[in-house]
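Student: For reference, the structure I am asking about is given below.
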């Protein structure tokens with residue numbers, strides 16, 4: 001296998017089994033793998049993950065590689081939290097998923113969240129003092145959770161504090177989001 005920029009890097013994507021925004025999971029999954037990263041998709045159950053397009057239309061299904069209760073977050077260098085309103089809302093209510101989010105933040109490993117993905121960060125109480133972006137409707141939730149600031153920018157990489165946090169607003173920001181993820185991985 002030819003050397004690729006992300007060879008040897010391991011990414012963990014956390015999703016529920018219904019409602020993840022298709023492009024927010026599949027575009028990073030495919031591009032990171034094309035660049036050599038080993039990406040594990042962990043879901044709440046071993047059932048197929050049904051993605052949605054625009055929070056309503058059925059998209060592709062994805063077979064998870066693991067479930068929240070068996071995946072070892074210590075085996076991965078970066079955590080990816082895709083959005084999708086239904087996915088993110090369910091994810092922030094899952095104690096096993098929140099334990100994984102906290103494990104990444106407290107160990108200093110990077111976390112990347114897009115669109116509604118930061119809801120899990122709010123629920124895990126790991127945004128205090130961070131500057132981040134998200135889908136605009138999360139702005140008040142993020143500010144109330146103690147974030148230093150919420151900004152309306154395509155991507156924000158906050159390296160202050162204990163861990164690097166990469167955030168983006170919507171699928172339209174995926175290119176710059178992925179560029180920031182590559183930098184967070186290679187720098188980690």
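Student: Just one of 121, 98, 174, 138 is in contact (Cβ under 8 Å) with a residue 12 or more places away in the chain, farther than 18 Å from residue 16 by Cβ, outside any loop (DSSP other than H, G, I, E, B) and in contact with a helix residue (DSSP H, G or I) (Cβ under 8 Å, 6 or more places away or on another chain); which is it?
Tutor: Working: 121 fails: farther than 18 Å from residue 16 by Cβ; 98 fails: farther than 18 Å from residue 16 by Cβ; 138 fails: farther than 18 Å from residue 16 by Cβ.
Result: 174 is the single residue among 121, 98, 174, 138 that is in contact (Cβ under 8 Å) with a residue 12 or more places away in the chain, farther than 18 Å from residue 16 by Cβ, outside any loop (DSSP other than H, G, I, E, B) and in contact with a helix residue (DSSP H, G or I) (Cβ under 8 Å, 6 or more places away or on another chain).
Student: Out of (1) farther than 13 Å from residue 181 by Cα; (2) modelled with pLDDT under 95, the odd one out for residue 45 is which?
Tutor: The one condition residue 45 does not meet is (2).
Student: Go through the range 152-181 and report how many residues are farther than 24 Å from residue 53 by Cα and exposed (fewer than 15 other Cβ atoms within 10 Å of the Cβ).
Tutor: 3
Student: Looking for whichever is outside any helix (DSSP H, G or I) and exposed (fewer than 14 other Cβ atoms within 10 Å of the Cβ) here; the options are 36, 59, 8. Which one fits?
Tutor: The unique qualifying residue is 8.
Student: Would you check if residue 64 is touching a strand residue (DSSP E or B) at 6+ places or on another chain (Cβ under 9 Å) and either surrounded by 20 or more Cβ atoms within 10 Å (Cβ to Cβ) or part of a loop (DSSP other than H, G, I, E, B) (or both)?
Tutor: Answer is yes for this residue.
Student: Go through the range 55-73 and report how many residues are farther than 13 Å from residue 25 by Cβ and free of Cβ contacts under 8 Å to residues at least 24 places away in the same chain.
Tutor: Final tally of qualifying residues: 5.
The values are calculated or read from the model by the stated rules, or taken from the named source; none is laboratory data. Note that the structure is a prediction, hence the values are computed from the model and not measured. We place every Cβ from the backbone using ideal geometry, glycine too, and count neighbours over all the protein chains shown.
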